[in-house]
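Contents: one structure, followed by commentary.
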Amino acid sequence: MKLFQSLPLLFIAYLFCSCGNTDKTGAQDIKFDGEVVDFELADDLYKFHDQIKNKTIVNRRFKHKDVVAAIQDLDPSIFEVRTAGQSIEGRDIFLIKIGQGAKKVLLWSQMHGDEPTATMAILDIFNFFQQKNQFQELKAALLNELSIYFIPMLNPDGAERFQRRNALGVDLNRDALRLQSPEAQLLKKIRDSLDADWGFNLHDQNRYYAAGHNPHTASISFLAPAYNFEKEVNQERGEAMQIIIAMNGVLQEYIPNMVGRYSDAFEPRAFGDNIQKWGTRTILIESGSIKDDREKQRLRQLNFTILLTSFNEIAKGAYQKLPLGLYDEIPFNNSDAFQDLIIRKANVKINDQDYKIDLAFRHGEIDNEENTDYHFRSFISDLGDLSTQHGYIELDAESLTLVPGKVYSSKVRSLKRLIKIEPLDLLKAGYTNLFMKDPPEADQIDQLPLRISSNETPDIEIAVGKNPSMLLQQSDGTFKYAIVNGFVWDLDDEESIRRAWGNLE
Ligand SMILES: [Zn+2]
């Protein structure tokens with residue numbers, strides 16, 4: 001293992017930054033000297049994103065045809081576009097190059113079909129380079145120093161179905177050695193033929209990670225993957241860590257304490273680990289979740305910002321001044337620490353016994369047939385003492401009692417009649433379910449204050465995996481909240497309930 005930087009230089013870099021301050025929750029607040037990380041540039045890029053982004057793509061379930069359309073628009077005097085190969089089902093996989101510099105950077109996105117955030121950011125980066133804007137000077141400098149190669153959407157068949165695996169059902173990220181999938185063979189071939197200096201392995205992670213033991217989501221997580229079981233740090237892996245330190249610094253400006261780091265346990269079958277082993281400085285970026293950003297458009301903007309920041313860092317080499325120790329200060333990704341809803345300390349009667357429990361729901365996404373849209377089907381994801389977990393929404397139910405909602409067996413046969421129902425009256429009378437022989441489509445009724453179903457005996461059981469509709473009752477016997485399909489309705493908020501019901505029209 002080579003020594004990374006001379007000690008005096010490290011020391012100077014430390015003096016220049018107010019790094020690694022930790023607050024009471026152990027969260028970090030990292031800032032560097034502007035010469036090492038150009039925060040002003042990052043902020044200009046962040047603000048510019050909305051103007052430059054690909055406006056035809058607005059949610060996560062876009063398809064291969066959308067990527068093809070964006071690529072067809074690229075100016076051949078700037079972009080070299082090559083069809084590098086095909087997926088199992090014959091969809092083209094592209095390799096797009098910009099720049100003539102000596103440092104080779106390779107990025108691949110959506111190796112997992114349902115992890116599209118970075119693909120959106122890459123298409124935005126294409127627009128950024130294609131269109132004349134106030135960043136001409138920066139772009140010229142980047143293209144002079146770097147040759148940047150993009151493989152957007154490595155797994156188009158998976159994207160078509162919005163699923164992780166390819167059409168064979170193989171996880172491409174466990175196929176780096178056996179190379180049975182054409183998509184994996186392609187990535188290996190491109191990596192080897194370029195012998196890239198830098199590799200960006202771009203993924204999404206689920207929305208339930210926390211950044212360490214903080215009440216913050218891991219909105220973006222990083223890893224400089226290990227290349228052996230001993231987790232050694234050589235020159236290349238160290239440099240990958242330094243770029244991560246720079247990106248983390250930028251992200252702290254926008255999503256403070258919401259950045260995590262993956263464990264670097266070596267996975268012998270994964271691409272990131274192997275590409276690091278093959279000598280490419282490899283960086284894993286996992287886009288997680290930000291509250292109220294279900295379609296990840298803010299995460300797309302942040303990906304755009306940190307990827308361009310990284311290109312600038314690599315081009316200038318300034319990152320080499322960043323002390324490696326800062327990498328270890330990024331808190332570990334803490335899996336299953338978040339829930340979509342947590343009801344705290346509710347009183348529940350089971351078999352005539354009283355219990356106090358925390359109850360968590362997750363809002364599962366059920367895709368439509370074309371995998372272009374989804375509706376929510378929620379389920380109880382955990383119960384018991386959930387004091388170590390955090391909720392996107394939290395409800396204090398210490399003084400409330402959880403009771404199952406009743407089924408209202410209406411003679412409602414049409415949407416027209418359904419719209420006329422007064423949901424609040426039913427909720428106040430203890431009904432949370434409405435029986436209807438022929439209910440509207442699931443996506444129309446998944447976020448209503450009453451659960452409409454053709455099932456006359458819906459779930460009432462409070463158990464993991466079930467989706468009971470319930471009411472939270474006050475000591476005077478009146479109901480304060482309804483929990484329907486994992487969403488909370490405040491019965492004092494008449495306006496919200498009426499508005500939601502109005503969406504049926
Ligand atoms: Zn992934």
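Just so it is clear, none of the values below were taken in a lab; they were calculated from the coordinates. Every value quoted in this text rests on a predicted model; they were computed, and no experiment measured them. No Cβ is skipped: glycine too gets one built from the backbone with ideal geometry, and neighbour counts run over all protein chains shown.
Counting neighbouring Cβ atoms within 10 Å and putting the fewest first, the residues T305, T119, T401, T478 line up as T478, T401, T305, T119. Put simply, the amide H of L471, placed in the peptide plane, has neighbours under 5 Å in V403, G405, I483, leaving out anything fewer than 5 places away on its chain.
Farthest toward the positive end of the dipole of region 338-502, out of A500, M436, A397, is the Cα of M436, where the dipole comes from beta carbon charges about the Cα centre. First check a/c for region 327-422, with a ≥ b ≥ c the square roots of the eigenvalues of its C-alpha gyration tensor; if it is under 1.5, answer rounded, and if not, answer prolate when a/b is larger than b/c or oblate otherwise. It is oblate, given that a/c is not under 1.5 and a/b is not larger than b/c. Each residue in V259, V105, V464 was given a count of other beta-carbon atoms within 10 angstrom of its own, and listing them fewest first yields V464, V105, V259. Quick one: which of K104/K189; K406/K466; K104/K291; K47/K296 span more than 25 angstrom between C-alpha atoms? In this structure, K104/K291 lie more than 25 Å apart at Cα.
Phi-derived couplings, Karplus 6.51 cos²θ - 1.76 cosθ + 1.60 at θ = phi - 60°, listed residue by residue for region 183-193: 5, 5, 4, 5, 4, 4, 5, 5, 4, 5, 5 Hz, with x used for Gly and Pro.
Over 15 Å apart: what share of the alpha carbon pairs of region 238-320 falls there, rounded to a whole percent? For region 238-320, the share of Cα pairs beyond 15 Å comes to 62 percent.
Each Cα pair under 8 Å and six or more residues apart adds its sequence gap; the mean of these over the residue count of the chain is a relative contact order of 13 percent.
Amide hydrogen proximity for I393: with H placed 1.01 Å from N in the peptide plane, the residues at 5 or more positions away or on another chain lying under 5 Å are L341, I342. The fraction of all Cα pairs in the chain landing in successive 10 Å bins from 0 to the largest distance is 4, 18, 25, 23, 16, 11, 4, 0, 0, given as whole percents. Across region 221-226, computed HN-Hα scalar couplings (Karplus, 6.51 cos²θ - 1.76 cosθ + 1.60, θ = phi - 60°) run 10, 10, 7, 9, x, 6 Hz from first to last residue, x flagging Gly and Pro.
When only alpha carbons of region 394-489 are considered, Rg and Dmax amount to 13.2, 40 Å. Counted by Cβ distance under 13 Å from F338, the other residues give a net charge of -1, where Lys and Arg count +1 and Asp and Glu count -1. Based on C-alpha pairs under 8 angstrom that are at least 6 apart in sequence, region 338-502 has a relative contact order of 23 percent.
Treat the count of other C-beta atoms within 10 Å as a stand-in for reagent exposure and order F229, F379, F128 from fewest to most. Present the calculation step by step, with values, prior to reporting the outcome.
Values: F229 9, F379 18, F128 22.
Fewest-to-most ranking of F229, F379, F128: F229, F379, F128.
Under a 5 Å amide H cut-off, with hydrogens placed 1.01 Å from N, F94 pairs with A84 among residues at least 5 apart or on other chains.
If you look at the Cα atoms of region 338-502, you get an Rg and a Dmax of 15.5, 49 Å.
Stokes-Einstein D for region 58-176 at 25 °C, 0.890 mPa s, Kirkwood Rh over Cα pairs, in µm²/s? Translational D for this selection: 165 µm²/s. Sequentially through region 83-97, phi angles give Karplus couplings (6.51, -1.76, 1.60; θ = phi - 60°) of 7, 7, x, 10, 6, 3, 8, x, 7, 5, 10, 9, 10, 10, 10 Hz, Gly and Pro residues having no value and appearing as x.
Farthest toward the positive end of the dipole of the chain, out of L491, A84, I57, is the Cα of A84, where the dipole comes from beta carbon charges about the Cα centre.
In the frame of its principal axes, region 408-456 has Cα extents of 26, 22, 21 Å, reported largest first. Net charge of the neighbourhood of I421, taken over other residues with C-beta under 12 Å away and scored Lys/Arg +1, Asp/Glu -1, is +3. Dividing the mean sequence gap of close Cα pairs (under 8 Å, 6+ apart) by how many residues region 422-505 holds gives a relative contact order of 29 percent. Given +1 at the Cβ of Lys and Arg, -1 at the Cβ of Asp and Glu and no other charges, the dipole of region 338-502 around its Cα centre is 720 debye to the nearest 20. Diffusion coefficient of region 463-502 by Stokes-Einstein, Kirkwood radius over Cα pairs, 20 °C, 1.002 mPa s: 192 µm²/s.
Region 290-364 and region 97-140 have Cα centres lying 25 Å from one another.
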